[in-house]
Every structure is written in C-alpha cells, then in structure tokens.
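Only one structure is covered here, and it is reproduced in the block below.
None of the figures in this text is laboratory data; all of them are computed from the coordinates on show. This is a predicted model, so every value here is computed, not measured. Cβ coordinates were reconstructed from backbone atoms using ideal geometry, including for glycine residues, and neighbour counts include every protein chain displayed.
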C-alpha cells in the first residue's frame, strides 16, 4: 500500500528516545505511513537502537536517509528529497506524546490545508519546562505573528509541522540554518493564500539527549521571516518570487 504520509525524523544520537517514539507512531498512526530517519553519521546511536527493536515499528515502513551534509536543516532537506507521499510531517525525535495527533493533521491535509501546524498555544496544547529565554522569544513571536501579522496559526515557530506535496515541490527554501525552513514555508504559503490549519499539541522539555535548537544562533534567520510575514500583511507584497520557476529534478 502506498504511503499517504511520510514522517521525516531528523536525528542526532537519539538512541535513548527513538524506540519510544516509534512505538507511539506504530500504535497511534492509522494512515498508511512511512518513517524516514534522517541522520548525519553512520555511527549515530539512533540507528542500532532502531535495528535492535524491530517490534517498536511494527506496521510502519522505516527507511534510513543519510544526510549528504551535516546539521538539522540539511537532514530535513534530505528527508524532503526522499519523500514521495501527498503529506510530509517533520516529527521530533524525542516526542513520544504526540503521535495521536498525526491522523488529525493528515485529515486537515486531506481537506485542503497545505500546512498543518502542531500548536502549543491553542486550547488543548501546552508548553512546559522550556528554558525562560527560549520560552519568552517563542511566545512573543507567536503572539505578534498571529495577532498582528495575522498568520492563521497560534504557533508559527514550531518545527513540528505537516506540509502538502505542493509545498514541498513548489515553494523554494532559502533558509540554510536549523529549523528556520519551517517558518519560511509557513509565511510563504500564507503570502500565496494557501490554506493553513492547526491542531493542539503537547510540548515538554526533553529528558534525554541534547536539543539541536539554537535560539541565539538562529535568531537573525528567524527575524528575516518574521519581517516577511509583516510585509505580507501591511505592505501587501506580491508572491511572484515564492514559487519555484521549475520543479527540481
């Protein structure tokens, strides 16, 4: 059966987390799905953890995608390049508490949403244990982008997000750092007036491993797309430069 959903999981030594994540996905996701494990190095401890626990992903097709470069951004781009399903979600490698929302996200995708956001800031969502600096920046950006720039999601900065095939193939990604591609695709889709949906999601500070989110390092890149969102709303910028002139081979 062809996959309806490709689940892209960028990993970096997530051996302590990945088995529980795959168990949750196997248990909760009912749509035909494929998991793309996107890794940098062959000695990443995520890979043997998965191979040693085949029962954890029963019913799920799991494939390993080698990142030809290094880092979170390149890993996600490798996952996008390897994907083929109508819907593609980037899923956190330490998140074993949200698998149950993927079918709801896929349902919105099937109803015509080109992007579906997993929202921590709508009723039913939560963000707990976040370091104060990151929490302040994320909540401030979320409030201003939703209420002032009028983005149709209450959680515009999260990297946990579902994209349609149209977004993956037609919107060019200019970002090169971290997870800034995610807000870039969101604000560009909004400028194109493509549909955006959201479902409530949970977020808890990770217990194992080290986060790859670098607030201060990536802040200038995030600010670029923050300004882009406001330009769409208040300067009525046109979308001609958003869509690729031709699809990548």
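Using only the alpha carbon atoms of the chain, find the Kirkwood hydrodynamic radius as the inverse mean reciprocal pair distance, in angstroms to one decimal.
With all distinct Cα pairs of the chain included, I get 18.2 Å.
How big is the antiparallel share of DSSP beta bridges in the chain, given as a percent to the nearest 5?
Taking every DSSP beta bridge within the chain, about 25 percent pair in antiparallel fashion.
Explain nothing, just the number: relative contact order of the chain, from Cα pairs under 8 Å at least 6 residues apart, as a whole percent.
RCO, the chain: 21 percent.
As I understand it, the value is the acute angle between the Cα axis of helix 132-147 and the longest principal axis of the Cα atoms of the chain; what does it come to in degrees, rounded to 10?
For 132-147 against the chain, the angle is about 50 degrees.
Using per-residue counts of other Cβ atoms within 10 Å, averaged over each peptide, order 54-67, 109-122, 31-44 from highest down.
Highest-to-lowest ranking by the protection proxy: 109-122, 31-44, 54-67.
Work out, step by step, the length gained on full extension between residue 27 and residue 4: first 0.36 nm times the residue separation, then minus their alpha carbon distance; give nm to one decimal.
6.6 nm
For residue 111 and residue 43, what does the FRET efficiency come to when R0 = 51 Å and r is the distance between their Cβ atoms, rounded to the nearest 0.05?
0.75
Once you sort the root eigenvalues of the Cα gyration tensor of region 7-63 as a ≥ b ≥ c, which label holds: rounded (a/c under 1.5), prolate (a/b larger than b/c) or oblate (the other case)?
Here region 7-63 falls in the prolate category.
Top mean-square fluctuation among 186, 219, 108, Gaussian network model of the chain, C-alpha springs under 10 Å?
219
For region 1-71, what's the relative contact order in percent, using C-alpha pairs closer than 8 Å and at least 6 residues apart?
Once divided by the residue count of region 1-71, the mean separation gives 41 percent.
Taking the Cβ-Cβ separation of residue 148 and residue 61 as r and a Förster radius of 41 Å, what is the calculated FRET efficiency to the nearest 0.05?
0.45
Only helical DSSP H runs with n ≥ 4 go in: add -39500 (n - 2.57) per run for the chain, normalise by residue count and round the 222 nm mean residue ellipticity to 500 deg cm²/dmol.
-11000 deg cm²/dmol
Measure nothing fancy, just the Cα-based angle from helix 18-28's long axis to the longest principal axis of the chain, in degrees from 0 to 90, nearest 10.
In the chain, helix 18-28 runs at an angle near 80 degrees to the longest axis.
How high is the relative contact order of region 106-202, in percent, with contacts defined as C-alpha pairs under 8 Å that are six or more residues apart?
In percent, rounded to a whole number, it is 47.
Using alpha carbons only, how many degrees (0 to 90, rounded to 10) separate the axis of helix 72-82 from the longest principal axis of the chain?
Helix 72-82 sits roughly 80 degrees off the main axis of the chain.
If you stretched the chain out fully between residue 205 and residue 227, how much longer would it get, using 0.36 nm times the residue separation minus the C-alpha to C-alpha distance?
5.1 nm
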